[in-house]
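K.L.:
The structure under discussion is supplied below as structure tokens; questions concerning it will follow.
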Amino acid sequence: MTRKKMTYNAARDHMMPGDVVAFGGRGSFAELIKFGTRSDVSHVAVVLKTEILGNTSGRYFNLLVESTGSNGVATVRFSDVMRDYKGEIWWLPLNEESRDERFFETAFFDFLFLQVRQRKDYDLPQALRAALDSLDALHGPGHNRQDFARFFCSELIAAAFQAGGLVDGINASEVTPIELCNWNIYAPAYVHLKGSMRKRIRDFNSLEPGARIRVRREPQR
């Protein structure tokens with residue numbers, strides 16, 4: 001089984017820093033990304049837990065670190081996203097081997113917090129080029145050189161994973177949301193939190209980081 005369903009309230013206590021959250025949006029830009037990558041995934045973010053300052057009861061917030069067209073690189077409360085988001089939301093827990101043997105959490109979050117502090121903007125041109133998978137083999141208009149002056153969502157997380165030692169040898173500026181979900185760094189099952197159960201993450205957890213599943217296209221008749 002590669003997918004199970006849970007409510008956010010049931011899942012929140014089990015979420016760990018560095019877990020990925022994937023989204024299937026319904027706006028025009030989200031549909032463009034899904035069309036370009038032939039997937040149901042249009043956006044990704046990463047989990048951060050933070051304790052409430054001065055609180056001794058163990059209460060905490062689940063925050064997400066993400067890069068969006070409206071805010072650039074920023075943090076947002078996960079519960080607010082669950083309430084307001086129109087579309088699918090999936091939680092992708094890192095597997096124990098990835099977390100225990102290769103993941104340097106401090107370096108990972110130092111990288112992310114630096115981008116938040118610098119208020120890095122969203123990189124729309126690179127996001128669109130990364131989605132043009134069919135041109136990458138030719139290094140044509142769809143090929144990105146790695147550039148962290150701005151970030152699109154999956155580029156930000158891929159770069160942070162590289163900074164934290166979880167992956168290496170990748171071009172983070174070429175990683176699309178669905179490709180991040182394809183990497184074999186996750187637990188065997190991802191968790192459906194919101195939206196249509198007809199939507200799925202294709203080829204979840206199936207590839208070495210940096211490998212690319214070619215975009216599936218219908219044969220010409």
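The values are calculated or read from the model by the stated rules, or taken from the named source; none is laboratory data. Please read all numbers here as calculations on a predicted model, not as lab measurements. Reconstructed Cβ throughout: ideal geometry from the backbone, glycine too, with neighbour counts over all protein chains shown.
K.L.:
When only residues in the range 10-25 that are over 15 Å from the mean Cα position of the chain (by Cα) and modelled with pLDDT of 95 or more count, which is nearest to GLU155 (Cα to Cα)?
P.N.:
Step one: filter the range 10-25 for residues over 15 Å from the mean Cα position of the chain (by Cα), giving 10-14.
Now drop any that are not modelled with pLDDT of 95 or more, which leaves 10-11.
Numbers: ALA10: 29, ALA11: 26 Å.
Step by step, filter the range 10-25, then rank; the result is ALA11.
K.L.:
When the range 67-82 is examined, which residues are found to be under 15 Å from the mean Cα position of the chain (by Cα) and either β-branched (Val, Ile, Thr) or part of a helix (DSSP H, G or I) (or both)?
P.N.:
Selection gives THR68, VAL73, THR75, VAL76, PHE78, VAL81.
K.L.:
Moving on to the next point. Select from the range 71-117 the residues that are loosely packed, with under 13 Cβ neighbours inside 10 Å, over 25 Å from ARG59 (Cα atoms), in contact (Cβ under 8 Å) with a residue 12 or more places away in the chain and not basic (Lys, Arg) and list them in ascending order.
P.N.:
If the condition is that a residue be loosely packed, with under 13 Cβ neighbours inside 10 Å, over 25 Å from ARG59 (Cα atoms), in contact (Cβ under 8 Å) with a residue 12 or more places away in the chain and not basic (Lys, Arg), then no residue fits.
K.L.:
(1) surrounded by fewer than 20 Cβ atoms within 10 Å (Cβ to Cβ); (2) at pLDDT below 95; (3) within 16 Å of the chain's Cα centre (by Cα): which one isn't true of LEU138, the others all being true?
P.N.:
LEU138 satisfies all of (1) surrounded by fewer than 20 Cβ atoms within 10 Å (Cβ to Cβ); (2) at pLDDT below 95; (3) within 16 Å of the chain's Cα centre (by Cα) except (3).
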